[in-house]
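Heads up, the thing below is written out as structure tokens.
Values quoted throughout were computed directly from the atomic coordinates according to the rules given, and no laboratory measurement underlies them. For clarity, every value in this text was computed on a predicted model and none was experimentally measured. Cβ: placed from backbone, ideal geometry, glycine included. Neighbour counts: every protein chain shown.
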Amino acid sequence: MAGKRTNSQLTGELLVELRRDDAVPLHRQIEASIRAGIRSGRLPLGSALPPTRTIAADLGVSRGVVVEAYQQLAAEGYVTSRAGGYTQVAIGPEPAPAPVRPAPSPRPRIDFGYGRADVSSFPRAAWLRSIRRVLTEAPNERFGYLDGRGAPELHEAIADYLNRVRGAAADPRDIVICNGYGQGITLIVQVLAASGARRIAVEDPSSGDDARVAARAAGLDVVGVPVDQDGVRVGALDRLDADVLVLTPSHQWPTGGVLSAESRAAVLRWAARRDALVVEDDYDAEYRYDRAPVGAIQGLAPDRVVYAGTASKTLAPGLRIGWLVVPRHLVGDVAAAKVAADRGSPVIDQLAFADFLTRGEFDRHLRRMRPVYRRRRDALLSALRERLPELEPAGVAAGLHLVAWLPPGLDEAAVVTAAARRGLGVYGVGPYRIAAEGAGGLIFGYATLGERTIAEGIGLLADVVGEMRSR
Ligand SMILES: Cc1ncc(COP(=O)(O)O)c(C=O)c1O
């Protein structure tokens, strides 16, 4: 084997594998190797092959053997010899065969998909300023491997933010930066499973990804705790046998209930009694429209609650930035799990987010977006009131989606399917339930739709429902 690779320069390096005990003559082996490189794109169109003398010396063969190989490739049109005396690749790679995919289901024309921030409003200019500042000012050691918890600048910035805005009791030393809530809950579940946890409780209904998927992967049993219009039903906790309880107390996903102060205290009493941990998924806390803010549960019991936050709803899911505030005795294990998972989140993004937070850009962005989302929510509510008064909206005081309960006689799955046929994306609560029973309801995400489109979408849904009723 000689050399490594070539590019458009005359590097004198090229990967050619020779088997001297093979019956195939050496010049044919060289030809085959280069031909394969050109076909695969490893030797791109226009790149220069090393001089025959160099290859011959590298491979320990006579120059004539290499010349013969080059001549054959030139005759086949793979390479051309240029006036400067070097040989260049003359054709592009063979296109890869098109993968056989099932026909994609058409995207709805109007899509009330939930779980989305309006990424068209991402604060690009401010983020760019933060990136620029970070690249100019960050000390060199930040570009090495970091501790599994992440960048210290971001720990400070997030602790300040959470303590100021969410009433948390966050110490920067207890924060672990992760790739969004999805990774955060996975790390927590792994650590708890390794320390003997057997059973995890989640709200019913709740997101089917994240906690449930992580729990199954870690071999934990999953149990559902029913929710009502005020979040998790604390009466059900008396009988709850679990080591971990995952909650969305600031805006239950998907039904939108807000856990009251009394219920929060009851949850913490349950956790103390069982020596269990509560995971607080505070995914939607920043968008609150017409109710007083409710502080994070973590602030009441930092040694019993893991707080989980994410930039997915406030900035963009594509950033993959999330944070955990972890009880002190678990921080080391969670940081070790993060290192084992991926050796840490990308540091430039962490530092940029820290800069973005400390300069007040995050607050500014939220202040700018809150009225935008509120207007969209209001448009949705008034369209529902006008066109579909038999639906009962819930969970409207916060977040980027709401649920509208269906009246008896309107089947959730049938409405979703009929709407999809008309190019309208609405989504049922049913797929997120653990217990088989429960009222039918539709989840409407409104963050990415303009007000006129929202009204048009609900008009279309009213037509769909009218047609179903008249059948
Ligand atoms: C309940 C809930 N929590 C958190 C998230 C955010 O997940 P991530 O931070 O991994 O993007 C989502 C995403 O849709 C969600 O539905």
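Worth pointing out:
- When each of the peptides 223-235, 171-183 is scored by how many other beta carbons lie within 10 Å of its residues on average, the order from highest to lowest is 171-183, 223-235.
- The charge dipole of the chain, taken about its Cα centre with unit charges on the Cβ of Lys, Arg, Asp and Glu (plus for the first two, minus for the last two), comes to roughly 1060 debye.
- Computed from label points 7 Å out along Cα-Cβ, the spacing between ARG63 and GLU262 is 9.5 nm.
- The range 122-363 - charge dipole about Cα centre, Lys and Arg +1 at Cβ, Asp and Glu -1, debye rounded to 20: 200 debye
- Rounded to 10°, Cα long-axis angle of helix 361-387 versus longest principal axis of the chain: 60 degrees
- Sorting TRP405, TRP323 by the number of Cβ atoms found within 10 Å of their own Cβ, with the fewest placed first, yields TRP405, TRP323.
- Angle of helix 152-165 to the longest C-alpha principal axis of the chain, folded into 0 to 90 degrees and rounded to 10: 20°.
- Distance-filtered residues of the range 31-54 - backbone nitrogen under 12 Å, label point 7 angstrom along TYR86 Cα→Cβ: 46-52
- Global form of the range 122-363, assessed from the alpha-carbon gyration tensor, a/c cut-off 1.5: prolate
- Relative contact order of the chain: 17 percent, from C-alpha pairs under 8 Å at least 6 residues apart in sequence.
- Rounded to the nearest 5, the antiparallel percentage of DSSP beta bridges internal to the range 122-363 is 35%.
- Spin-label model, ARG274 to ALA436: label points 7 Å out along the Cα-to-beta-carbon direction sit 2.5 nm apart.
- Where the Cα pairs of the chain fall when distances are cut into 20 Å bins, in %: 21, 38, 25, 15, 1
- As a rough footprinting exposure proxy, the listed residues LYS313, LYS338 were ranked by other beta carbons within 10 Å of their own, and the order from fewest upward is LYS313, LYS338.
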